[in-house]
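Novice: Would you mind keeping the following structure in view while I ask a few things?
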Amino acid sequence: MASTRSVVLDAKALARTLSRMADEIVERNEGTEGLVLVGIQRRGVQVADRLAAVIANREGVQVPRGALDITLYRDDLQTVGPRPVVGRTDIPVSIDDRRVVIVDDVLFTGRTIRAALNELADFGRAARVSLAVVIDRGGRELPIHPDVVGKHLDVPGGARVDVLVKEVDGRDEVIVQEAPGA
Amino acid sequence: MTSLGKDLLALERLSAEQISLVLDTAGPFKEISERAIKKVPTLRGATIVNLFFEPSTRTRISFEFAEKRMSADTVNVATAGSSVTKGETLVDTARNLEAMRIDMVVIRHTSSGAAQFLAERIESNVINAGDGTHEHPTQGLLDILTLRDRWGTLTGKRVCICGDVLHSRVARSNIWGLTKLGAEVAVCGPRSLLPSAIADLGVTVFDRIEAAIEWADALNVLRLQLERMLGGFIPSLREYNRVFGVTRERLERAPRDIIIMHPGPMNRGVEIDSDVADGPHSVILDQVTNGVAIRMAVLYLLAGNPPGLADAAKGAV
Amino acid sequence: MSPRDVLLTGGRLLDPSSGLDAVGDLLLSGGKIEAVGGRVGRPDGAEVVDCAGLVVAPGLVDVHCHLREPGREDVETIATGARAAAAGGFTAVCAMPNTDPVTDNQAAVGFVLEQGRAARAARVHPIGAISIGQAGERLAEFGEMVGAGAVAVSDDGKPVVSSQLMRTALEYARTFDIPVADHCEDPTLAAGGAMNEGVVSARMGLRGIPSEAEEIMAIRDILLARRTGGHVHLCHMSTKGSVELIRWGKERGIRVTAEACPHHLSLTEEAVEGYDTHAKMNPPLRTAADVEALRDAVRDGTIDLLATDHAPHHNDEKQRAFADAPNGIVGLETALAVNLTWLVKPGIIGLGTLVERMSCAPARIFRLPGGTLRRGAVADVTVFDAGSEWNVDPASFLTKGRNTPYRGMTLTGRARYTVVGGTLVFRAG
């Protein structure tokens, strides 16, 4: 049975969303002073890059960015079968006393963010950590709450939500695929 | 999807894909050792026994760092003071480890095949940290990673392993790993320290170090143990250095820059001169750094793999 | 008391010693062969054994086995070894003297003979040591040992390192007309070796034993036999080079005889892959070229006879890292089948040659009773099925040893009845 596939945000809409999110990040952190954007591998990194570009445009400031691969902090490694490929973690500046914004594409169970918080803590003591996600699809299994959200989606548990970015996927788009029979 | 299987016993058994998987995985692990807090929780709760039936400070420390940086609980069992010296057999050791619900075992043993012996008898993941004169797969992997870091690729590159190949587990792991990834491999040393059938392993043999230096892009200089002289394989360490020593004078005549590797510990002034070991083309300290990353990668890739995976992986090779 | 008469009916009577190969009956009476061939009427009270479809041959003789008693009765006793031999179709075996204490004197020889008789299975012929304690220094008392029943002398398990001692042994043995059996191994070349030296040992990182370690001693022994006129018997020959050297000696009329073992005719060094200690033996398994040369030599008689080198070890001793495990495998209960499977089945030798190499030749060369179905000879007879297949399950062995590389393999041919001195000592279940 074919799954149904629908575009939730097209390229234009995604750009508008990211632009609003960037504004909100600056607003919530009272400017760009001490701000660090940390994207979660893989697509959170590209989203962080876009947000940083918007901020640079508006504020004339290059906000430092980092990348976080949370594979080694996952709580399900013993159950996932073949080992996932470990990506690059790169936090180029000290996060001590900075305002760190964790950036990810989709927020679902919250387990990835839990892992990211743990990993980030190994790099230093941030003054404040907040969370920005393009899509919040609900379905949390941990007490994690986003601070900046591009769009809320109400989709069934079995559905797939993908944020596609040009750098990785060749196009900008947010799509939802409902599981067959769902 | 490529898997390493249950155990890491020998590079001879791995495919090029499996070797590349370890090398690729080691990359991100290098960064962890650069952090202020050099620790990830990946193996939290896992118990690892470092079972060393033969003294080895470097390898054991490297494994221990790797294990601790992955948050595993580790126990070191060394020959001195263990039941091994009381005549307990390897079988009994294996059964006891099994009974204690150990997750992984890193074993160094004086007998070739000891790691496989253990792996066949316990469910835990077994990592060969050197078995007799057979293989030392993590050393081979870290040597190859060091070269790949320098060159980007191993295809068509020429690596000569110099010295006591006969008694070297490092040599065998290098030969298999390097050839599988497309490098050309040679050996050079007195014939009394080369296996008589060495050429059948697909390597070139040089009798003179000068010829090896002319040919090679990299030299992996093996440690020459004093016992070899006492065992009558060579007349003296002095003559060994004269005839086979990797010296600055010899390297200066090379047609190209040659990368110098050594698995350590070095006998300065015997197989390698100090100004070569400490010279601009030496990557000996990179090898040490890569050793921890390679071992973390291997721990990560093996942890929890069941015995069935080993068979599947073997079948896939 | 004479045993009950036994009449073996309708089997293929195969006896190269008398040129016999015909279907017929064989009557055993009073411990002797009473009637051979044709139809024999059933004497009163005789036990009749239907041998239709089976080969009836002179009893198999193994001139080389290790029965471990005295000293390692936990591993084998003369009784368990003699019963295992009978189950393998052997009517006689020669026990090597490397026991603890060494069989190097009259009393020790008598002990082996006595234990063998008491087992009421295959005959057990003691082999005495060449040197006292097999220490390789002073000659043992050949005369006393032969007087007590020793059939040969050997320091097997170890080579006779001293060429002078070997020379003396060959000279001295002439008086008693016994073979001097040597384990050919240059100990300096073989030192520390765990398998054949070659590409497999290079890969596995195991110290190799070069074929020259055997060949150097083989040619030394042959040259000393030429010098002394003594009879040298070369044990467990394993290399192509040895075959060529023996051929050289025989062409010159030197009194050299040689044996090969089933494992060296069926397996190669590849069997060691995976560090299987059941493939660890000395001399080691060699290359395919060596196996081929040995098979040719068995066919043309350069190798005079086949022997087992049956060497039981405790399982705990084999459950070790390869280099630390002892050498040797059990062979009494697999030898006939291995030889049938790897020599007869592929057509390298015929059944007649097999019987010659496993029965007639060993009896003749070691001057033992048996090895023939001639009327009046001792009634040592082996009846075997040359074609049935069976799976090797060491747990079912009568030997105490379980150390065999043939575990789980399907072999062809098996002993069905073994008759020693006219008494049925084994019948297949």
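Novice: For the pair C:D393/B:D275, report the inter-label distance in nm, with labels modelled 7 Å from Cα in the Cβ direction.
Specialist: Result for the modelled spin labels: 7.4 nm.
Novice: Of the candidates B:W151, B:W215, B:W176, which one comes out as most mobile in a Gaussian network treatment of chain B with C-alpha springs shorter than 10 Å?
Specialist: Greatest mean-square fluctuation among the candidates belongs to B:W151.
Novice: Going 7 Å from the Cα of C:W248 in the Cα-to-Cβ direction, what parts of region C:206-221 have a backbone nitrogen less than 20 Å from that spot?
Specialist: Taking a point 7 Å out along Cα→Cβ of C:W248, the residues of region C:206-221 whose backbone N falls under 20 Å are C:210-221.
Novice: Could you list the residues of region B:205-229 with an amide nitrogen less than 11 Å from a label point located 7 Å from the Cα of B:R253 in the Cα-to-C-beta direction?
Specialist: Counting only backbone N, you get B:209-214.
Novice: Something else: Counting only other residues whose beta carbon sits under 15 Å from that of C:L27, what net charge do I get with K and R as +1, D and E as -1?
Specialist: On the way: positive: C:R4, C:K32, C:R39, C:R42, C:R374, C:R375; negative: C:D5, C:D15, C:D25, C:E34, C:D44, C:E47, C:D50, C:D380.
Around C:L27, the surrounding residues sum to -2.
Novice: Distance between Cα centroids, region C:41-97 to region C:368-386: provide it in whole Å.
Specialist: 12 Å
Novice: Would you tally the net charge around A:D96, using a Cβ to Cβ cut-off of less than 14 Å, leaving A:D96 out, and scoring K and R as +1, D and E as -1?
Specialist: Counting the neighbours of A:D96, the net charge comes to +3.
Novice: Between B:A99 and B:R44, take the C-beta separation as r, use R0 = 25 Å, and let me know the FRET efficiency to the nearest 0.05.
Specialist: E between B:A99 and B:R44, to the nearest 0.05, is 0.65.
Novice: Taking the mean number of other Cβ atoms within 10 Å as a proxy for protection, how do you rank B:160-170, B:296-306, B:26-36 from highest to lowest?
Specialist: The most tightly packed comes first, giving B:160-170, B:296-306, B:26-36.
Novice: Reported to two decimal places, what Rg/Rh ratio describes chain B when computed on Cα atoms with Rh from the Kirkwood expression? Numbers along the way, then the final one.
Specialist: On the way: Rg = 19.2 Å, Rh = 19.9 Å.
Using only Cα positions, Rg/Rh for chain B is 0.96.
Novice: Quick one: divide the alpha-carbon radius of gyration of region B:81-215 by 2.2 N^0.38 Å and tell me what you get.
Specialist: In units of the globular-protein estimate, region B:81-215 measures up at 1.25.
Novice: Using a simple spin-label model with points 7 Å from Cα along the Cα→Cβ vector, what separation in nm is obtained for A:D76 and C:N327?
Specialist: Once both label points are built, they end up 5.9 nm from each other.
Novice: I would also like to ask the following. Comparing C:P97, C:P312, C:P187, which has the greatest mean-square fluctuation in the GNM of chain C with Cα pairs linked when under 10 Å apart?
Specialist: Result: C:P187 has the largest fluctuation of those listed.
Novice: To the nearest 10 degrees, how steep is helix C:240-251 against the longest Cα principal axis of chain C, on a 0 to 90 scale?
Specialist: Helix C:240-251 sits roughly 70 degrees off the main axis of chain C.
Novice: Turning to a different aspect of this structure: Just report the Cα centroid separation between region B:1-78 and region B:249-309, whole Å.
Specialist: Between the Cα centre of region B:1-78 and that of region B:249-309, the gap is 17 Å.
Novice: Would you report the distance distribution of C-alpha pairs in chain C as whole percents per 10 angstrom bin, up to the bin with the largest distance?
Specialist: 5, 23, 34, 27, 9, 2, 0
Novice: Could you give the angle, 0 to 90 degrees to the nearest 10, between helix C:78-87's Cα long axis and the longest principal axis of the Cα atoms of chain C?
Specialist: The answer is roughly 60 degrees.
Novice: Based on the Cα atoms of region B:137-287, what semi-axes does the equivalent ellipsoid have, where each is the square root of 5 times one gyration tensor eigenvalue, given in whole Å with the largest first?
Specialist: On the way: eigenvalues 90, 62, 40 Å².
With the √(5λ) rule applied to region B:137-287, the semi-axes are 21, 18, 14 Å.
Novice: Nearest 0.05, what FRET efficiency do B:L230 and B:E17 give at R0 = 35 Å with Cβ-Cβ as r?
Specialist: Between B:L230 and B:E17 the formula returns 0.25.
Novice: Calculate, for A:E141 and A:D23, the FRET efficiency according to 1/(1 + (r/R0)^6) with r their C-beta to C-beta distance and R0 41 Å; round to the nearest 0.05.
Specialist: The value I calculate is 0.85.
Novice: From largest to smallest, what semi-axes in whole angstrom does region C:327-429 give when each is the square root of 5 times an eigenvalue of its alpha carbon gyration tensor?
Specialist: Result for region C:327-429: semi-axes of 24, 17, 14 Å.
Novice: How much mean residue ellipticity at 222 nm does the protein assembly as shown get from its helices, if each DSSP H run of length 4 or more adds -39500 (n - 2.57) and you divide by all residues, to the nearest 500 deg cm²/dmol?
Specialist: -9500 deg cm²/dmol
Novice: Additional query: Just add up the charged neighbours of C:V40: K/R +1, D/E -1, any other residue whose Cβ is under 11 Å from the Cβ of C:V40.
Specialist: Details: positive: C:R39, C:R42; negative: C:D5, C:D25, C:E34.
Computed value for this residue: -1.
Novice: Taking square-rooted eigenvalues a ≥ b ≥ c of the alpha carbon gyration tensor, is region A:10-157 rounded, prolate or oblate, where a/c under 1.5 means rounded and, failing that, a/b exceeding b/c means prolate?
Specialist: Working: a/c = 1.75, a/b = 1.23, b/c = 1.42.
Note, shape of region A:10-157 comes out oblate.
Novice: Would you mind computing the Rg to Rh ratio of region C:140-253 from its alpha-carbon coordinates, Kirkwood style for Rh?
Specialist: Dividing the radius of gyration by the Kirkwood radius yields 1.03.
Novice: Give me, ordered by chain and number, the residues 5 or more places off C:I209 or on other chains with an amide H under 5 Å from its own placed amide H.
Specialist: HN-HN under 5 Å from C:I209: C:A194, C:M195, C:N196, C:E197.
Novice: Still on this structure: Work out Dmax and Rg for region B:190-244 from the C-alpha atoms and quote the Rg first, both in angstrom.
Specialist: 12.1, 33
Novice: I'm checking a number: the convex hull volume of the Cα atoms of region C:118-175, normalised per residue, in Å³. What is it?
Specialist: 92 Å³
Novice: Based on the Kirkwood radius over alpha-carbon pairs, what value in µm²/s does the Stokes-Einstein equation return for the translational diffusion coefficient of region C:316-362 at 37 °C and 0.692 mPa s?
Specialist: Rounded to a whole number, D works out at 258 µm²/s.
Novice: If you average the sequence gap of Cα pairs under 8 Å that are 6 or more apart and divide by the length of region A:10-157, what percent do you get for the contact order?
Specialist: Taking the mean separation of contacting Cα pairs over the length of region A:10-157, I get 24 percent.
Novice: Quick one: Karplus J couplings for region B:216-228, per residue in order, coefficients 6.51, -1.76, 1.60, θ = phi - 60°, nearest Hz, x for Gly and Pro?
Specialist: My calculation for region B:216-228 gives 8, 9, 8, 10, 9, 8, 7, 6, 9, 7, 4, 4, 5 Hz in order.
Novice: Quick one: check the C-alpha center-to-center distance for region C:171-209 versus region B:186-211, whole angstrom.
Specialist: After rounding, the separation between the Cα centres reads 26 Å.
Novice: So what's region A:2-69 giving for Cα Rg divided by 2.2 N^0.38 Å, two decimals?
Specialist: 1.25
Novice: Does anyone have the angle between helix A:43-59 and the longest principal axis of chain A? Alpha-carbon axes, 0 to 90°, nearest 10?
Specialist: 40 degrees
Novice: Would you mind calculating the relative contact order of region B:137-287 from Cα pairs under 8 angstrom and at least 6 residues apart, reporting the percent as a whole number?
Specialist: The value is 23 percent.
Novice: Next question. Expected output is a single nm value to one decimal: the length gained when fully extending between B:R268 and B:T110, i.e. 0.36 nm times separation in residues minus the C-alpha distance. What is it?
Specialist: 54.4 nm is the gain from fully extending B:R268 to B:T110.
Novice: Relative contact order of region C:58-365, please, whole-number percent, based on alpha carbon pairs below 8 angstrom and at least 6 residues apart.
Specialist: Numbers: 704 pairs, mean separation 52.3, N = 308.
Computed over region C:58-365, the figure is 17 percent.
Novice: In square nanometres and to one decimal, what's the mean projected area of the convex hull around the Cα atoms of the protein assembly as shown?
Specialist: Averaged projected area of the protein assembly as shown's Cα convex hull equals 48.7 nm².
Novice: With label points built 7 Å along Cα→Cβ from the Cα atoms of A:A13 and A:T109, find their separation and express it in nm.
Specialist: 2.8 nm
Novice: Would you please classify the overall shape of region C:1-80 from the alpha carbon gyration tensor, given that a ≥ b ≥ c denote the square roots of the eigenvalues, rounded means a/c under 1.5, and beyond that prolate means a/b larger than b/c while oblate covers the rest?
Specialist: Details: a/c = 2.88, a/b = 1.84, b/c = 1.57.
Since a/c reaches 1.5 and a/b is larger than b/c, the shape of region C:1-80 is classed as prolate.
Novice: Sticking with this structure for a sec: Return the subset of C:K280/C:K400; C:K158/C:K318; B:K6/B:K68; C:K280/C:K345 for which the Cα-Cα distance in this structure is over 23 Å, preserving the input order.
Specialist: Table pairs above 23 Å Cα-Cα are C:K280/C:K345.
Novice: Please turn the phi angles of region B:261-268 into ³J(HN,Hα) values with the Karplus equation 6.51 cos²θ - 1.76 cosθ + 1.60 (θ = phi - 60°), one per residue in order, whole Hz, x for glycine and proline.
Specialist: 10, 7, x, x, x, 7, 9, 4
Novice: Take the alpha carbon gyration tensor of region B:35-155, find the square roots of its eigenvalues, order them as a ≥ b ≥ c, and report rounded if a/c is under 1.5; if not, report prolate when a/b exceeds b/c, else oblate.
Specialist: Values: a/c = 2.00, a/b = 1.35, b/c = 1.48.
Verdict is oblate for region B:35-155.
Novice: With 10 angstrom as the radius, rank C:H314, C:H236, C:H64 by how many other C-beta atoms surround their C-beta, starting from the fewest.
Specialist: Ordered from fewest to most neighbouring Cβ atoms within 10 Å, C:H314, C:H236, C:H64 come out as C:H314, C:H236, C:H64.
Read-outs: derived from the displayed coordinates by stated rules, not from any lab. Quick caveat, the model's predicted, so the values are computed rather than measured. Glycine gets a Cβ as well: all are built from the backbone with ideal geometry, and neighbour counts include every protein chain shown.
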